[in-house]
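S.K.: One structure, pasted below without further comment.
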Amino acid sequence: MRIGIDAHIILPQHKRYDPKIARFTENLITHLIEADKKQEHTWVLFFDERMQDKKLLQKFSKKNVIIKRFPFVQYRRYLPVLYSHMLISSFLRSARLDVFHSPEGLIPFVYPGRMITTFHYVPRGKLESGLFVRTFMLGARVAFAQLCKRARRIIVFKANDKKLLVERHGYPAERVVVIETEDIERVDWAGRVKELLALYEDVVTEKKKRRVKKAKPKSKKKVRTKKKKPAKKPKKKKTKK
């Protein structure tokens with residue numbers, strides 16, 4: 001699989017930088033890459049042009065890891081929100097990913113690919129939904145329901161967060177993944193990495209399964225067979241007396 005992960009939250013220059021989420025994202029990427037010992041997958045990590053930390057880049061340096069940088073980050077605040085999302089989506093499309101994981105809850109709305117996101121916070125009502133969208137979505141003023149609709153899976157850390165997503169926001173229960181932990185800096189990565197890899201594969205293959213279901217079997221044309229005429233009985237020769 002070709003798996004993309006949004007890693008630019010790691011940078012302290014990020015306008016929504018949160019030390020805990022940054023360390024969670026770094027640990028997530030590190031353990032996923034280390035677990036892929038046979039290098040069966042290609043990992044595409046998305047930073048931005050401000051990423052200059054050579055030690056961190058060296059840490060992720062593997063044959064099956066590709067580092068990409070979001071362009072024009074310094075100018076994004078001057079761009080309309082929709083145009084900013086279109087720019088990011090176009091950049092992601094060019095990477096030809098099988099699945100894209102956002103560990104911070106960021107989802108580019110017009111990106112048509114398969115997406116998984118991690119919610120570190122789930123709003124409890126409509127007012128908080130608006131706050132969530134403005135805070136985590138580059139100032140986008142859209143319904144929280146649309147945000148959920150774009151994600152194929154949403155990862156949360158508490159059972160109560162799943163309950164909120166399902167009961168208040170109408171998100172399908174079977175698409176919520178709970179990684180139960182009290183502290184996101186103390187995740188049991190040994191067990192969670194396998195779970196995440198299975199999750200990525202599940203999201204990638206489910207679309208293929210849908211295509212198979214939609215594809216109608218071709219109806220076999222009935223071949224008309226000509227009815228064979230019964231063979232004529234040979235006439236008996238009259239014998240002269």
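Every number in this text was worked out from the coordinates using simple rules, so none of it is lab data. The shown structure was predicted, so the numbers you read here are calculated from the model rather than taken from an experiment. Neighbour counts run over all protein chains shown; Cβ positions are idealised from the backbone, glycine included.
S.K.: At 7 Å along Cα-to-Cβ for each site, give me the label-to-label distance between Lys20 and Ala173 in nm.
M.R.: Here the answer is 2.8 nm between the modelled labels.
S.K.: Follow-up. Quick check on my link table: of Lys37/Lys194; Lys15/Lys68; Lys15/Lys59; Lys15/Lys63; Lys38/Lys194; Lys38/Lys158, which ones sit more than 21 Å apart, alpha carbon to alpha carbon?
M.R.: On the way: Lys37/Lys194 13 Å; Lys15/Lys68 19 Å; Lys15/Lys59 24 Å; Lys15/Lys63 31 Å; Lys38/Lys194 14 Å; Lys38/Lys158 33 Å.
Cα-Cα > 21 Å for Lys15/Lys59; Lys15/Lys63; Lys38/Lys158; rest within.
S.K.: How much length would be gained if the chain were fully extended between Glu182 and Arg69, taking 0.36 nm per residue of separation minus their Cα-Cα distance, in nm to one decimal? Intermediate values should be presented prior to the final figure.
M.R.: Numbers: separation 113, 0.36 × 113 = 40.68 nm, distance 3.23 nm.
Extending this stretch completely gives an extra 37.5 nm.
S.K.: Here is a further query. What full-extension length gain, to one decimal in nm, is calculated for His31 and Lys54 as 0.36 nm per residue of separation minus the Cα-Cα distance?
M.R.: On the way: separation 23, 0.36 × 23 = 8.28 nm, distance 1.92 nm.
Difference between extended and current length: 6.4 nm.
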